1. Only one residue in A98, A41 is in a helix (DSSP H, G or I) and not hydroxyl-bearing (S, T, Y). Which one?
2. I'd like the full set of residues that are surrounded by fewer than 10 Cβ atoms within 10 Å (Cβ to Cβ) and either more than 30 Å from L99 (Cα to Cα) or of a type in the set (V, I, T) (or both), limited to segment 9-57.
3. Taking segment 1-53, which residues are touching a residue at least 12 places away in the same chain (Cβ under 8 Å) and over 30 Å from I95 (Cα atoms)?
4. Got a sec? Which of I61, I6 is out of contact with any His (no Cβ under 9 Å at 6 or more places or on another chain), at pLDDT below 95 and under 30 Å from A98 (Cβ atoms)?
5. Checking F74 against (1) among the aromatic types (F, W, Y); (2) over 20 Å from the mean Cα position of the chain (by Cα); (3) under 22 Å from E101 (Cα atoms), which test does it fail?
6. Name the residues in segment 58-73 that are of a type in the set (G, A, S) and either within 17 Å of E32 (Cβ to Cβ) or assigned to a loop (DSSP other than H, G, I, E, B) (or both), would you?
Amino acid sequence: MNELIIDNRLIPSAERQLAHFERMVKEIKKAEDELKAAIKAEMEARGIRKLEGDEMAITYIAPTDTEKFDKARFRKEHPDLHDEYIRMTPVAGYIKIALKEAQE
């Protein structure tokens with residue numbers, strides 16, 4: 001794998017290929033989100049709660065309120081209790097990719 005990196009820079013062909021994949025994923029995700037929004041709007045308009053197909057089932061979940069714990073406020077108001085209940089959990093390493101906007 002070391003042949004993909006030289007002097008802390010990606011080899012241009014690997015960079016181009018990865019950038020291409022990232023753009024494709026972004027386009028596909030956008031199309032997916034648009035299709036999901038259209039299906040959701042149609043289900044809401046028709047009062048449909050569940051759609052069944054050969055490959056998937058789509059269930060409409062209506063808006064609701066949920067209970068959330070205000071960790072920042074608790075930490076500020078009760079730092080001693082907060083520290084008592086903190087537990088450290090290991091997180092695996094990963095890479096983060098930030099695409100630069102195409103220059104025209």
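1. After applying the criteria, what remains is A41.
2. A45, R46, G47, K50, E52, G53, D54, E55, M56, A57
3. Listed by number, the residues that qualify are I39, K40, M43, E44, I48, L51.
4. That would be I6, the only listed residue that is out of contact with any His (no Cβ under 9 Å at 6 or more places or on another chain), at pLDDT below 95 and under 30 Å from A98 (Cβ atoms).
5. Status for F74: all satisfied but (3).
6. Matches in segment 58-73: A62 only.
The values are calculated or read from the model by the stated rules, or taken from the named source; none is laboratory data. Keep in mind it's a predicted model, so treat the numbers as computed, not measured. We place every Cβ from the backbone using ideal geometry, glycine too, and count neighbours over all the protein chains shown.
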